[in-house]
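The values are calculated or read from the model by the stated rules, or taken from the named source; none is laboratory data. Just so we're clear, the structure is a prediction, and the values are computed from it rather than from any experiment. Here the Cβ positions follow ideal geometry from the backbone for every residue, glycine too, while neighbour counts run over all protein chains shown.
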Amino acid sequence: MMPEENLSPSKLPRVRFAPSPTGYLHVGGARTFIFNWLYARHNQGTLVLRLDDTDVERNTEASVQSIFEGLRWLGLSWDEEYKQSERIPLHRQQAEAIFARGLAYRDFTPAHAGDDNQSSAQGAWLFNPGMREMSREESDRRAAAGEPFALRYRVPRGEGRTLRFTDSVYGEQSKQADEVEDFALLRSDGMPTYHLASCADDADLRISHIIRGQDHLSNTFKHLLIFEALGASAPQFAHLPLLVAPDGAKLSKRKHGPVVSVTTYRDAGFLPQAFINFLCLLGWSPKNDREFLTLDELTAAFTLEAVNRANAVINFTEEDPFDAKAVWLNAEHIRALPVERLEASIAPFLAQAGFHPTPGQLQAVTPLIRERIKLLGEAPAAADFFFLDKLAPYDPAELIPAKGGDAAMVRRVLQHTLEVLPSVSFDHDSLDQALRAAASSLGLKAGQAFQPIRVAVCGRKNAPPLFETMAVLGRDICLARIAQALVILEPLN
Ligand code: GLU
């Protein structure tokens, strides 16, 4: 679908992301946010961020902070922002309007027994006839006497009414109204329920598309009734498939711990664009099945029609908390990033490990490690030898090439290198030429001669290309480390 051009502003979509601040921003919430963002941006619409913070018992300020922290890290902006707790007068007013139309009734069942629809969750409870059928006079009298009550929606009964909607993802949905319980609009403490607050706000904020998790699919029938009672047309609904763990269990903070938190990905060194790319592939696939996609490409390709119904699995284990695809995508995004931006992304991870390179060092080192890291958090280990005064101790056997090498040969290589280096200029080409000539003058193949030098200057075999590395380290450090390698080698014959 192409962006809908030439639509009048009132026809442009308005979507919302409505997190409840009861924990950190988790991967499922982040995906819902991203899909709303993509839908809004693809269609030149408006993205509303609405904090669903009316549940005072479960909300925490720490959670509000952590949700904003997660969203800011993603770097995707929204256009309007609301706090549901500041809109409670509107919710109450709407509840009263529904009551005044006879579409709701007071339920004086003592608090908690009637408030939370506990029994309906067990399948038995639809309504309490004593409350639903109470005369208006008695209801008014008890309310005037100060008896607390919840306000419940009077779901049509015995009319054979079918509630229907067409979900953009899950298609035609229907349910008999007779099977929907008389759900609460206001709790007995006067607070709006999620159902009421959400629909009253969605109507008032003129939300045109509700894109949210599949766990809300069954709530939608209640929401249709509320929109109808408010005299508002229902938005288009699009429910997103669940994110599940490898064993098929719904991802949850309680059960799966920090692997479901967005900040865990940030702290391990995912780039936000890679994380966004990964989350998009959980439940959505572009037409051409490409996997690596930039934000612009995602925005251009995103449609609700291409969202799948099947649960999307995130793979992780105790040892390996990140899905292999997420890590692969991160490595691809690291390689695709302009090097100056990669420098800026890597610097905080180096600083955390105690390395504070100068801008010049950072600029020199970043291109040398970008192919060697999959997560930004691997940068300190990949680059430490550039910044350490003294290399961490290593096994002298590492200096000896597996094929055709022994300690005597390594000694010759290192000694010869020490003699040659003082007169070589420390750039890639000169080092290349000089060290190849040195190897052949010793009658060795380049590969054989270079391993001891690489291990001597980096402290390990697995390191970036040798000449670039030596050029960055500089002559003094290379000479000192090669001399030190000869000392380390002494015990071996
Ligand atoms: N606050 C609700 C949640 O976090 C929002 C659900 C909805 O989008 O309607 O699940």
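Quick look at the numbers
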item: From PRO422, PRO452, residue being surrounded by 15 or more Cβ atoms within 10 Å (Cβ to Cβ) and modelled with pLDDT of 95 or more; result: PRO452
item: Hits in region 225-242 (condition: more than 12 Å from ASN308 (Cα to Cα) and either touching a residue at least 24 places away in the same chain (Cβ under 8 Å) or in contact with a strand residue (DSSP E or B) (Cβ under 8 Å, 6 or more places away or on another chain) (or both)); result: LEU225, ILE226, PHE227, ALA229, LEU230, ALA232, ALA234, PRO235, GLN236, PHE237
item: Search result, residues across region 223-238 that are within 12 Å of the ligand (Cβ to nearest atom) and touching a Ser or Thr at 6+ places or on another chain (Cβ under 8 Å); result: HIS223, PRO235, PHE237, ALA238
item: Which numbered condition HIS26 fails, given (1) more than 11 Å from the ligand (Cβ to nearest atom); (2) closer than 19 Å to LEU243 by Cα; (3) modelled with pLDDT under 95; result: (1)
item: Region 193-222, subset in contact (Cβ under 8 Å) with a residue 24 or more places away in the chain, under 21 Å from GLU86 (Cα atoms) and not aliphatic (A, V, I, L, M), residue nearest to the ligand (Cβ to nearest atom); result: SER198
item: Flag for GLU305 being more than 16 Å from the ligand (Cβ to nearest atom), more than 25 Å from GLY23 (Cα to Cα), more than 17 Å from the chain's Cα centre (by Cα) and without any contact (Cβ under 8 Å) to a residue 40 or more places away in the chain; result: no
item: Extreme residue, surrounded by the most Cβ atoms within 10 Å (Cβ to Cβ), among residues of region 275-291 that are touching a residue at least 40 places away in the same chain (Cβ under 8 Å) and part of a loop (DSSP other than H, G, I, E, B); result: LEU282
item: Residue tally, condition part of a loop (DSSP other than H, G, I, E, B) and closer than 18 Å to HIS195 by Cβ, over region 139-156; result: 4
item: Region 352-382: number of residues that are crowded, with 19+ Cβ neighbours inside 10 Å, out of contact with any Leu (no Cβ under 8 Å at 6 or more places or on another chain) and among the basic types (Lys, Arg); result: 1
item: Answer residue from region 41-58, given it is of a type outside the set (Lys, Arg) and out of contact with any strand residue (DSSP E or B) (no Cβ under 7 Å at 6 or more places or on another chain) and is nearest to the ligand (Cβ to nearest atom) among those; result: ASP52
item: Residue check, SER261 within 23 Å of ARG16 (Cα to Cα) and without any contact (Cβ under 8 Å) to a residue 24 or more places away in the chain; result: no
item: Single condition PHE349 does not satisfy, out of (1) part of a helix (DSSP H, G or I); (2) in contact (Cβ under 8 Å) with a residue 12 or more places away in the chain; (3) exposed (fewer than 15 other Cβ atoms within 10 Å of the Cβ); result: (3)
item: Unmet requirement for ARG254, which otherwise passes all of (1) closer than 23 Å to PHE68 by Cβ; (2) in contact (Cβ under 8 Å) with a residue 40 or more places away in the chain; (3) part of a helix (DSSP H, G or I); (4) out of contact with any Lys or Arg (no Cβ under 7 Å at 6 or more places or on another chain); result: (2)
item: ASP107 being surrounded by 15 or more Cβ atoms within 10 Å (Cβ to Cβ), under 21 Å from ALA234 (Cα atoms), at pLDDT 95 or above and among the acidic types (Asp, Glu); result: no
item: Selection from region 19-41 of residues that are among the aliphatic types (A, V, I, L, M) and more than 16 Å from the chain's Cα centre (by Cα); result: ALA40
item: Condition broken by ASP389, with the remaining ones in (1) more than 19 Å from GLU490 (Cα to Cα); (2) at pLDDT 95 or above satisfied; result: (2)
item: So LEU225, is it touching an Asp or Glu at 6+ places or on another chain (Cβ under 7 Å), modelled with pLDDT of 95 or more, farther than 20 Å from THR22 by Cα and not charged (D, E, K, R); result: no
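Quick grid of which residues meet (1) farther than 19 Å from GLY377 by Cβ; (2) surrounded by 13 or more Cβ atoms within 10 Å (Cβ to Cβ):
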residue: LEU293; (1), (2): yes, yes
residue: ALA300; (1), (2): yes, yes
residue: THR303; (1), (2): yes, yes
residue: ARG309; (1), (2): yes, yes
residue: VAL313; (1), (2): yes, yes
residue: ASP323; (1), (2): no, yes
residue: TRP328; (1), (2): no, yes
residue: HIS333; (1), (2): no, yes
residue: GLU340; (1), (2): yes, no
